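K.L.:
Please find one structure pasted underneath; my questions will follow.
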Amino acid sequence: MKLYNGLDAQRLMKMLKDTLMKEQEQWKPVHYKSNTGASETGGIHRDEVVSWLICLNRRFHFTPETVALGVALTDRFLSLVKVRPKYIQCVAISCFYVAAKTLEEDEVIPSAVDLVKTSQCGCAVSDILRMEMIVLNKLQWSVKTVTQIDFLHIIHSLLMCYYPQLLEGVVNMTPSRHLSILSRNVFHCLCNHKMVGFRPITLTLAIISLELEQITQAWLSIINTVQKMADVEIDSLIRCREIAAQILKDKNMLPTGYQFKTNPVATCGTIARSRSFKRKVDLVDLEEEVYDGIKRLYNEDQGGSEIGLDDEASVFTKANPVRAN
């Protein structure tokens with residue numbers, strides 16, 4: 001049985017199946033209007049506040065799962081309640097706070113006072129606490145929403161399990177750094193409201209496919225296998241991939257800039273392409289922040305020892321119940 005980070009392929013497949021079932025139960029597409037008046041939140045307002053949350057997540061040194069959940073809760077709430085643009089920041093910071101209480105360790109969760117001070121959100125503490133209860137009640141206290149990051153961790157672990165030589169032909173590339181690149185790209189795409197209309201698994205596969213295409217000639221067969229397994233419509237995947245590619249190109253994040261070794265190694269049954277892309281820009285700070293957290297996930301700072309199923313740094317992020325304020 002193949003093992004990766006203490007997780008065997010069978011266990012990972014079960015995790016993927018369970019997460020897909022949760023997605024089927026929870027997920028509903030969210031559509032934002034591109035042009036709205038001053039009394040209605042539109043796509044541009046949503047995208048601005050999501051970008052702000054991602055920057056805020058780095059400031060608090062929370063995990064990628066936390067900001068992904070915060071974004072998901074924000075989208076869910078905005079799909080249920082009409083919010084004026086001037087209140088969207090209060091909604092977003094409250095959803096972000098709920099996400100932190102759900103996923104982060106107690107000792108790193110800031111008090112409401114510190115949250116207001118550090119985030120400079122312009123809200124009073126009482127506003128955030130009141131909005132937090134409104135969000136929880138509107139979502140019926142169902143906050144464990146499946147996100148793109150959940151799928152990314154599982155599928156990336158499966159790739160490393162079934163294709164352990166996938167990254168061997170790439171210079172200075174480890175599983176954790178590769179995952180940080182994928183996570184960075186997911187967050188860039190989440191800053192665009194057009195992506196909220198796609199299933200989380202669809203966006204995840206689109207991002208992975210764009211990266212694998214630069215590494216191995218076998219990328220299409222790999223993605224097709226996962227696509228059929230996850231029952232993702234091929235037309236939807238293609239549309240999502242095209243939009244994601246355009247978003248990343250506009251941000252100079254595609255092509256990624258992988259450099260390959262002089263003697264390419266066999267990867268996924270094929271020879272990795274020796275072609276190297278020049279990096280247009282250095283990796284943004286977001287990738288480095290994500291990378292630091294992901295190194296702990298893969299235990300690379302501790303000699304690469306395996307992570308057990310019950311370890312707090314396993315593929316799934318630990319979850320604590322939302323605390324009453």
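Values quoted throughout were computed directly from the atomic coordinates according to the rules given, and no laboratory measurement underlies them. Keep in mind the model is a prediction, meaning the values are calculated, not measured. Cβ sites come from the backbone with ideal geometry, for glycine too, and all protein chains shown count toward neighbours.
K.L.:
Using only Cα atoms, what is the ratio of the radius of gyration of segment 1-96 to 2.2 N^0.38 Å? Can you show the working numbers first?
P.N.:
Values: Rg = 17.1 Å, N = 96, 2.2 N^0.38 = 12.5 Å.
Here the Cα radius of gyration is 1.38 times the empirical estimate.
K.L.:
Between K14 and A124, what's the calculated FRET efficiency when r is the beta-carbon distance and R0 is 45 Å? Round to 0.05. All intermediate terms of the calculation are to be shown ahead of the outcome.
P.N.:
Numbers: r = 45 Å, r/R0 = 1.01.
The formula returns an efficiency of 0.50 here.
K.L.:
Rounded to the nearest 0.05, what FRET efficiency do S236 and S79 give with R0 = 25 Å and r taken as the Cβ-Cβ distance? Could you check? Each step should come with its number before you reach the end.
P.N.:
On the way: r = 19 Å, r/R0 = 0.76.
Computed FRET efficiency for S236 and S79 comes out at 0.85.
K.L.:
Which length gain, in nm to one decimal place, applies between R58 and M229 when the Cα-Cα distance is subtracted from 0.36 nm times their residue separation?
P.N.:
Details: separation 171, 0.36 × 171 = 61.56 nm, distance 3.38 nm.
Result: 58.2 nm gained on full extension.
K.L.:
Please give the FRET efficiency for D106 paired with E25, using the beta carbon to beta carbon distance and R0 = 35 Å, rounded to the nearest 0.05. Write down the numbers at each step before the final one.
P.N.:
Details: r = 29 Å, r/R0 = 0.82.
Working from the Cβ atoms, E equals 0.75.
K.L.:
Once Lys and Arg get +1 and Asp and Glu get -1 on their Cβ, which of L129, V108, T63 lies farthest toward the positive end of the dipole of segment 31-138?
P.N.:
About the Cα centre, the residue reaching furthest to the positive side is L129.
K.L.:
Then there's this: Note down the nm distance, to one decimal, between modelled labels 7 Å out along Cα→Cβ at D114 and at Y162.
P.N.:
4.3 nm
K.L.:
Quick check on my link table: of K101/K194; K17/K228; K194/K251; K17/K249; K17/K144, which ones sit more than 24 Å apart, alpha carbon to alpha carbon? Intermediate values should be presented prior to the final figure.
P.N.:
On the way: K101/K194 28 Å; K17/K228 12 Å; K194/K251 16 Å; K17/K249 32 Å; K17/K144 16 Å.
From the list (K101/K194; K17/K228; K194/K251; K17/K249; K17/K144), the Cα-Cα distance tops 24 Å for K101/K194; K17/K249.
K.L.:
Another one. Can you sort F60, F151 from fewest to most other Cβ atoms within 10 Å of each residue's own Cβ? Before the final figure, lay out the partial values.
P.N.:
On the way: F60 18, F151 27.
Ranked by crowding around the Cβ, least crowded first: F60, F151.
K.L.:
Which order, highest average first, do 112-118, 66-72 follow once you tally other Cβ atoms within 10 Å for each residue and take the mean per peptide?
P.N.:
Details: 112-118: 14.9, 66-72: 27.4.
Descending packing order for the listed peptides: 66-72, 112-118.
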